[in-house]
Amino acid sequence: MEIQITLNGKIIKDHVEPDCLLIDWVRKHGCYSVKRGCETSNCGLCTVFMDGKPVLSCSMLAARANGHNVQTLEGLQEEAKDFVAFIADQGADQCGFCNPGFVMNTISLLRENPNPTDDEIRAYLAGNLCRCSGYEGQLRGIRNYLNHKNK
Amino acid sequence: MADKNVNNAIDLSDLGLDTITETETEFSIGAMVTLRQLELHEGLNTYTQNAIRQAVCDIVGVQFRNMATVGGSIFGRFGFSDVLTMFLTLDCDVELFQGGIVSLEQFSQMKPDNDILVRIIVKKTPGQFVYDSMRNTRTDFPVIACGVSCVNEEYRFSIGARPGKALLLRDEEHILKDGLTENNIRNMSKWVAAHTPTDSNLRGSAKYRTHLIDVFVQRNLIQLRGE
Ligand SMILES: Cc1cc2nc3c(=O)[nH]c(=O)nc-3n(C[C@H](O)[C@H](O)[C@H](O)COP(=O)(O)OP(=O)(O)OC[C@H]3O[C@@H](n4cnc5c(N)ncnc54)[C@H](O)[C@@H]3O)c2cc1C
């Protein structure tokens, strides 16, 4: 089938099989930040934005994104730059595999709620699993970033 | 996504079924409305005193709730469903493309077929609603899900993740007719626990679930009383 998706600001027309997953489609178009993790909708590694909202690209057909705006971390470097250093300072990314999904969902959290409490951060990022860190480093990193921003 | 051969798929995404419309008397919730839309909808959450938000807020994560639809959740009639458990506490109908409008309670007992769920209609019948669930970890399936409501002065107890699909019970023996006293609440929760079939799976045993039902019905009734 024929689809047209705006990927990181660029209109792409493509022919896809009806069962093509969005994760495979964005990776085919060079967005390797999007990682295949659990493939059961649990881990958040494959997070992309569709029309500005975070979704799991491993569980969405490319066809459902037809006519929509899709963004990956490749297209959001500037927005991410603000806070990723604070997370790195905590050594929170360790192996780094979960990082792009985690950064994407943090961008979404901060757009929706620029000054979240610790509990709101935990609740919003509950769908991003990390096998290395135990999450405390990420929480400290975001908290330090918010404290710095609000100074 | 599972590996499964699908011969005939129908795409409902672009049919305008992704909105919640509120009138004086009801909410009309399109089948493609996401769980996140339910979570954030002011009108629905004001009407249900945040019970809907409470029912969906631990389903996987924000990204998942931005995709999973209320239509898929209700049509699936999954045993673990927080969504079905919650909606059964409401005065609620579903509109089926072929089958027309039927009550959700009736629909929940119908056998799966090839009909299409078009929308869910929640009537604004005056009521109070409380929802809670027990989970081994935050984003896991519930071990037990429990919605309690008092709609038009009728108490409803919806128990899901038994692990069978949600079951709706009413106060058939008028245990609560003299109000929500400590004693009545205790007798009611024991009655609901005794009348709800449970089973065991890897998340919990039947006996544990029965015990949880007793605890959660009590807690939810106490909350419903306004404490
Ligand atoms: C990892 C994981 C964890 C989950 N945890 C929970 C949980 O804790 N609590 C909970 O309540 N739910 C949970 N769910 C279920 C989830 O909330 C949704 O109910 C489920 O994903 C179905 O919604 P969907 O929109 O993805 O439907 P789909 O998967 O698209 O559809 C489900 C079925 O219904 C059919 N269908 C879809 N829409 C319609 C319609 N309008 N009319 C007729 N048929 C239709 C489809 O053909 C399919 O057979 C979980 C799911 C996953 C994958």
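The values are calculated or read from the model by the stated rules, or taken from the named source; none is laboratory data. Bear in mind that the values here come from a model prediction, so they are computed numbers and not experimental data. Cβ sites come from the backbone with ideal geometry, for glycine too, and all protein chains shown count toward neighbours. Heads up: the accessible areas ignore ligands, DNA and RNA and are worked out on the full protein's heavy atoms, side chains in. Shrake-Rupley method; radii C 1.70, N 1.55, O 1.52, S 1.80 Å.
Filtered by the rule that a residue be within 14 Å of the ligand (Cβ to nearest atom) and surrounded by fewer than 23 Cβ atoms within 10 Å (Cβ to Cβ), the range B:81-98 gives B:E95, B:L96, B:F97, B:Q98. With respect to the conditions (1) part of a helix (DSSP H, G or I); (2) within 24 Å of A:R27 (Cβ to Cβ), A:L139 lacks only one, and its number is (2).
Within the range B:1-23, residues that are loosely packed, with under 14 Cβ neighbours inside 10 Å reach no partner that is acidic (D, E) with beta carbons closer than 6 Å at six or more positions or on different chains.
In the range B:114-125, which residues are within 9 Å of the ligand (Cβ to nearest atom) and not in a strand (DSSP E or B)? Across the range B:114-125, the qualifying residues are B:N114, B:D115, B:I116. Of all the numbered requirements in (1) touching a Leu at 6+ places or on another chain (Cβ under 8 Å); (2) within 14 Å of the ligand (Cβ to nearest atom); (3) open to solvent by 10 Å² or more (accessible area, probe 1.4 Å); (4) in contact (Cβ under 8 Å) with a residue 60 or more places away in the chain, B:Q128 misses one, and that requirement is (2).
Meeting the requirement of 2 or more residues that are touching a Ser or Thr at 6+ places or on another chain (Cβ under 7 Å), within 13 Å of another protein chain (Cβ to nearest Cβ) and more than 29 Å from B:L15 (Cα to Cα), the helices (runs of 4 or more DSSP H) wholly within the range A:1-118 are A:99-112. Annotation for the range B:55-72: at least one member residue is at pLDDT 95 or above, more than 25 Å from A:E120 (Cα to Cα) and touching a Leu at 6+ places or on another chain (Cβ under 7 Å).
The set of residues from the range B:131-164 being surrounded by fewer than 19 Cβ atoms within 10 Å (Cβ to Cβ) and part of a loop (DSSP other than H, G, I, E, B) comprises B:N136, B:T137, B:R138, B:T139, B:D140, B:N152, B:E153, B:G164. Just one of the numbered conditions (1) away from chain A (no Cβ under 14 Å); (2) surrounded by fewer than 20 Cβ atoms within 10 Å (Cβ to Cβ) is not true of B:G72; which one? Only one criterion is unmet by B:G72, namely (1). Of everything in the range A:119-136 that's part of a helix (DSSP H, G or I) and surrounded by fewer than 17 Cβ atoms within 10 Å (Cβ to Cβ), which residue is farthest from the other protein chains (Cβ to nearest Cβ)? Checked the range A:119-136; the qualifying residue farthest from the other protein chains (Cβ to nearest Cβ) is A:E136.
Condition check ((1) open to solvent by 30 Å² or more (accessible area, probe 1.4 Å); (2) away from the ligand (no atom under 12 Å from the Cβ); (3) part of a strand (DSSP E or B); (4) aliphatic (A, V, I, L, M)) across all residues:
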{"site": "B:Q106", "(1), (2), (3), (4)": "yes, yes, no, no"}
{"site": "B:I185", "(1), (2), (3), (4)": "no, yes, no, yes"}
{"site": "B:S189", "(1), (2), (3), (4)": "no, yes, no, no"}
{"site": "B:A194", "(1), (2), (3), (4)": "yes, yes, no, yes"}
